[in-house]
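Down below is the structure, laid out as structure tokens.
The values are calculated or read from the model by the stated rules, or taken from the named source; none is laboratory data. Since we're looking at a predicted model, the values are computed, not measured. Here the Cβ is made from the backbone with ideal geometry for all residues, glycine too, and neighbour counts use every protein chain on show. To get the accessible areas, we keep the full protein, side chains included, count just its heavy atoms, and leave off ligands, DNA and RNA. Shrake-Rupley method; radii C 1.70, N 1.55, O 1.52, S 1.80 Å.
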Amino acid sequence: MDFDLILEKVKDLNVLAGEGTSHIEHTPRGAQLREPRPLPLTLYQNGILFHGAFRPYEDPSTQQCLQDITDGYFPSELQLLYPDGI
């Protein structure tokens, strides 16, 4: 597992997702600035914590998720949660 590569790609994807930028959110009393809500990803020696569940590296869905990231894409499993993109 190339943790350095994964971290590098996550940083690149964070920039694409708008890290450090704010968006206008309309409220009943006007508007306010909101930063995009992060999706935490924790890397462990034997797996990842993503979407609130621990997933071992041997799990095919974990392998696909990390392959998407190392290929420079957002994990394909996020398409259902974010059909319009992140």
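A few comments on the model shown:
- Taken residue by residue, segment 58-73 has at least one member that is open to solvent by 60 Å² or more (accessible area, probe 1.4 Å), out of contact with any Asp or Glu (no Cβ under 7 Å at 6 or more places or on another chain), of a type in the set (D, E) and closer than 18 Å to V10 by Cβ.
- Of all residues in segment 74-85, those satisfying the criterion of being open to solvent by less than 100 Å² (accessible area, probe 1.4 Å) and of a type outside the set (F, W, Y) are P75, S76, E77, L78, G85.
- Among the residues of segment 24-37, the ones that are open to solvent by less than 100 Å² (accessible area, probe 1.4 Å) and not charged (D, E, K, R) come to 5 in all.
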